[in-house]
Amino acid sequence: MSQFRKYLPPLIIIALFETVAVALWLTKDNVFYLLNFSYIGASIALGMFLFIRKYRYARRTVQLLVGLYMLVYLGIICRENMQIEGFWYYLFSGVFEAATIHYAVAKIFGPLVFGRGWCGYACWTAMVLDFLPYRTPAGPRKKIGWIRYIAFAASLVFVIALFLAKAENMERIMFLAFIIGNIIYYGVGIALAFVLKDNRAFCKYICPVTVFLKPMSYFSLFRVKCDKNKCISCGKCRRVCPMDVDVTDNSRKRENGTECILCMECARNCPRNAL
Ligand code: SF4
Ligand code: SF4
Ligand code: SF4
């Protein structure tokens, strides 16, 4: 029974993604959704399974499986703009297709269940940033998180301007925006990581998607919790956390709680298995 309980999280993820996959397949009459969400769900569940089996590179495996699929296959080959501009574009066009569905599942409603699991296991920007040398931040968090709201507003204004200007060939513009947007994200993300000695600096201060992710993940069903009876307050979990989360506080108001990407570095490094 305890063996089964151990593997419950990956089973829940598979069930969740399969529900979405089948529901979209049937309602949209498009087998792409079945294959797409089944693949993503299976990749994430595989990563969780590997983590439970204590495979060191479990999370990196999922990041590459999902991140490359979304960036190369959906973004470059299928020419779907899965960035935030693509979300606005399809939303304002009244199209409930790839980018809008992706946002609804991964970044708006999904975080109610799996928090910022997207950021830990699937984002193709972080997939690259996590290869950089500063896995744990060298210094304290900066108070410049407000930049994300400017980036969020800029993405919105950009798409509204295209609609107001009645730009022709919007699909081509959105594809170019996807390519250029990614080049900018990678450029800024890598530069910032080296300047601040923090791989996840882009996630903490710039990424506009966090405007959706943070409030929704506040209510997340999946959370890392601390067993106070085992914890010896050694502080190691805090030191290894890439997102500066105070995971020893079990309340929803824990410091930087909505920054947790469920990477489980804290749990892996806790000397008392308290997490
Ligand atoms: S914060 Fe943004 S860039 Fe970072 S992992 Fe999440 S979605 Fe990706
Ligand atoms: S690493 Fe473990 S024992 Fe140390 S403070 Fe964190 S939860 Fe407590
Ligand atoms: S180390 Fe723990 S608290 Fe920090 S982001 Fe990863 S899972 Fe969340």
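Seen from S251, the other residues with C-beta closer than 11 Å to its C-beta sum to a net charge of +2, counting Lys and Arg as +1 and Asp and Glu as -1.
Ranking I84, I190, S155 by Cα position along the charge dipole of the range 78-217, where only Lys, Arg, Asp and Glu carry charges on their C-beta atoms, puts I190 farthest toward the positive end. Computed about its Cα centre, the charge dipole of the chain is approximately 1440 debye, with only Lys, Arg, Asp and Glu carrying charge at their Cβ. More than 18 angstrom separation, counting every C-alpha pair in the range 1-122; what % is that? Percentage above 18 Å: 54. Of L26, L196, L68, the residue with the greatest mean-square motion in the GNM of the chain, using alpha carbon springs below 10 Å, is L26. Using only Cα positions of the range 223-275, each an equal point scatterer, no hydration layer, compute I(q)/I(0) via Debye at q = 0.24, 0.29, 0.31 Å⁻¹ and quote the log10 values to two decimals. Summing over Cα pairs of the range 223-275 leads to -0.86, -1.28, -1.46. In this structure, the pairs whose alpha-carbon distance is over 32 Å, taken from K204/K236; K166/K197; K107/K166; K28/K143; K6/K143, are K166/K197; K28/K143; K6/K143.
Note down the net charge around L213, summing +1 for each Lys or Arg and -1 for each Asp or Glu among other residues with Cβ under 9 Å from its Cβ. It would help to have the intermediate numbers written out before the result.
Values: positive: K107, R116, K214; negative: none.
Net charge around L213: +3.
Candidate cross-link partners of K253 among the aspartates and glutamates, defined by an alpha-carbon separation under 20 Å and a same-chain spacing of 8 or more, comprise D227, D244.
Annotation: cysteines of the chain without a disulfide-compatible partner (Cβ-Cβ under 4.7 angstrom) are C78, C119, C123, C203, C207, C226, C231, C234, C241, C260, C263, C270.
Among E259, E80, E97, the largest mean-square fluctuation in a Gaussian network model of the chain (Cα springs under 10 Å) belongs to E97. If you bin all the Cα-Cα distances of the range 128-275 at 5 Å, starting from zero, the percentages per bin are 2, 9, 15, 18, 17, 14, 10, 7, 5, 3, 1, 1, 0. The alpha-carbon atoms of the range 1-55 define a convex hull whose volume equals 52 cubic angstrom per residue.
Could you calculate, for the chain, the ratio of the Cα radius of gyration to the Kirkwood radius, expressed as Rg to Rh? Display every interim value, and only then the final one.
On the way: Rg = 18.9 Å, Rh = 19.5 Å.
My calculation puts Rg/Rh at 0.97.
In the elastic network of the chain, a GNM with C-alpha springs shorter than 10 Å, the most mobile of A167, A153, A177 is A167.
Values in this text are rule-based calculations from the coordinates and carry no lab data. Owing to the predicted nature of the structure, the values given are computational and were not obtained by experimental measurement. Don't worry about glycine lacking a Cβ; one is built from the backbone with ideal geometry, like all the others, and counts go over all protein chains shown.
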